[in-house]
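Notes follow the structure.
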Amino acid sequence: MNITIKLRVKKEIDRDSELKVLKLKGTLITKGFTEIIHIQDENEDFYVNTFSTYRVLEKEAENYIVDYISANNLTNIVTLLKV
């Protein structure tokens, strides 16, 4: 069964942070956690990025995201949301 993972991403960010966010999303795809990431407006300040993954990959994907956010100083830009 698939599980949905959601990320809240700040809209107004600098170019360097934007590249880091794009790399995160690209890596989620290349590592096989998902095939597509859906983006929608949450409000005027944030996007919500949503993707589905297999339940067996859920913790691995979440751990990767949390580690990536921390390692790339994105804590004020990207937040992993609990569904």
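The values are calculated or read from the model by the stated rules, or taken from the named source; none is laboratory data. This is a predicted model, so every value here is computed, not measured. With ideal geometry, Cβ positions are generated from the backbone for all residues, glycine too; neighbour counts draw on all protein chains shown. Calculation scope for accessible area: heavy atoms of the full protein, side chains included, ligands and nucleic acids excluded. Shrake-Rupley method; radii C 1.70, N 1.55, O 1.52, S 1.80 Å.
What to note about this one:
- Just one of the listed residues (K25, K6) is under 14 Å from E62 (Cα atoms), open to solvent by less than 70 Å² (accessible area, probe 1.4 Å) and at pLDDT 95 or above, namely K25.
- Qualifying residue in the range 69-77 (condition: assigned to a helix (DSSP H, G or I) and within 13 Å of the chain's Cα centre (by Cα)): yes
- Of residues in the range 9-22 being touching a residue at least 60 places away in the same chain (Cβ under 8 Å) and open to solvent by less than 40 Å² (accessible area, probe 1.4 Å), the one farthest from the chain's Cα centre (by Cα): S17
- Residues of the range 16-43 classified as basic (K, R) and either on the phi > 0 side of the Ramachandran plot or not in a helix (DSSP H, G or I) (or both), total: 1
- Matching residues, the range 33-82, being open to solvent by 100 Å² or more (accessible area, probe 1.4 Å), among the charged types (D, E, K, R) and closer than 15 Å to T4 by Cβ: E35, R55, K59, K82
- When restricted to residues that are in contact with a Lys or Arg (Cβ under 9 Å, 6 or more places away or on another chain) and outside any strand (DSSP E or B), the range 44-56 contains 2.
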